[in-house]
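Read the structure below first, then the notes.
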Amino acid sequence: MVKRIVVGAHYGLRDWLAQRVTATVMALYTVLFAFKAIALPEMNYENWSGMFAGGFMRFATFLFFMSLFYHAWVGVRDIFMDYIKPVGVRLALHVIVLFLLVGYAGWAAQILWRL
């Protein structure tokens with residue numbers, strides 16, 4: 001049986017970088033969304049839905065949500081690995097969170113594209 005070594009200079013670098021990239025995507029989207037919302041002539045349903053009628057804003061919003069869910073997955077997974085010691089409990093929590101995040105991603109797609 002091969003034992004995996006989980007320590008070293010590069011362990012966790014990919015997750016650290018993923019959280020920085022997803023945080024940057026979310027920050028850029030927040031600025032874009034704020035400018036688009038402020039530029040609306042009036043806050044009503046027609047203007048609000050018109051803002052999302054174009055494919056770019058739908059895609060940007062979906063990218064925001066995917067970044068948010070992946071960012072959350074990395075953070076929650078690391079917290080579980082650090083603080084939940086029983087392997088069975090940790091695995092169950094990982095599966096629950098993973099299913100929830102995938103479900104939320106499907107829900108976001110359904111809302112954005114009315115599938």
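The values are calculated or read from the model by the stated rules, or taken from the named source; none is laboratory data. All figures in this text were calculated on a predicted structure; none of them were measured in a lab. Ideal geometry is used to build each Cβ from the backbone, glycine not excepted, and the neighbour counts take in all protein chains shown. In case anyone asks, the SASA skips ligands and DNA or RNA and just uses the protein heavy atoms, side chains included. Shrake-Rupley method; radii C 1.70, N 1.55, O 1.52, S 1.80 Å.
Things to note:
- Accessible area per residue in Å² at 1.4 Å probe, computed on the chain: 75
- Computed from Cα atoms, the angle from the helix 13-38 axis to the main principal axis of the chain rounds to 10 degrees.
- Linear extension gain, LEU91 paired with GLN110, 0.36 nm per residue minus alpha-carbon span: 4.0 nm
- For the pair TRP48 and LEU63, the difference between a 0.36 nm per residue extended length and the Cα-Cα distance amounts to 3.5 nm.
- Compared with the dominant Cα axis of the chain, that is its longest principal axis, helix 55-83 is turned about 20°.
- Stretchable slack from ARG20 to ILE79, in nm (0.36 nm times residue separation minus alpha-carbon distance): 19.6 nm
- Heavy-atom accessible surface of the chain: percent carbon and sulfur, 1.4 Å: 73
- Each Lys and Arg contributes +1 and each Asp and Glu -1, all at the Cβ; summed about the Cα centre of the chain, the dipole is approximately 500 debye.
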